[in-house]
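Handing you this structure, nothing more for now.
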Amino acid sequence: QVQLVESGGGLVQPGGSLRLSCAASGSILKINGMGWYRQAPGKERDLVAALSSGVTTNYADSVKGRFTISRDNAKNTVYLQMNSLKPEDTAVYYCNVRGRSWFSTADFDSWGQGIQVTVSS
């Protein structure tokens, strides 16, 4: 089992910044991809940012220029730096990690439990 622990959410005023962290632990042989998704009330869960095992990154159009995804390979941790936050960014943010586990031929696809980000004046 691969577990994901998210931290860094909270309440922030418009224009402020937050940094989300997601640490993966368990029988991890290697990580192939990491990403962040978010879900606002009444909406579907959408991709915010993703990072492959290489240097490829993907961002939703609504966050380009404001959010940055990064990874610490030694800690198996992915970060989401969120700047110039807007009320529209209010949502529950979910971490996603994909890769290979020890003693398994199948890839794993794990999700965090979600963390609340609220942008309000």
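The values are calculated or read from the model by the stated rules, or taken from the named source; none is laboratory data. What you see is a predicted model, and the numbers here were worked out from it, not measured in a lab. Note: ideal-geometry Cβ built from the backbone for every residue, glycine included; neighbour counts use all protein chains shown. Please note that ligands, DNA and RNA were not included when accessible areas were found on the heavy atoms of the full protein model with its side chains. Shrake-Rupley method; radii C 1.70, N 1.55, O 1.52, S 1.80 Å.
Look at T57 and say whether it is β-branched (V, I, T), loosely packed, with under 15 Cβ neighbours inside 10 Å and under 30 Å from L29 (Cα atoms).
Yes; evaluated as a whole, the condition is true for this residue.
Moving to a separate point now. Could you grab me the full set of residues in region 69-121 that are over 12 Å from Y37 (Cα atoms), in a loop (DSSP other than H, G, I, E, B) and either modelled with pLDDT under 95 or open to solvent by 50 Å² or more (accessible area, probe 1.4 Å) (or both)?
N76, N83, S84, K86, W102, F103, S104, T105, A106, S120, S121
Okay, residues lined up against (1) open to solvent by less than 20 Å² (accessible area, probe 1.4 Å); (2) at pLDDT below 95:
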residue: V5; (1), (2): no, no
residue: P14; (1), (2): no, no
residue: S21; (1), (2): no, no
residue: G33; (1), (2): yes, yes
residue: G42; (1), (2): no, yes
residue: D46; (1), (2): no, no
residue: A49; (1), (2): yes, no
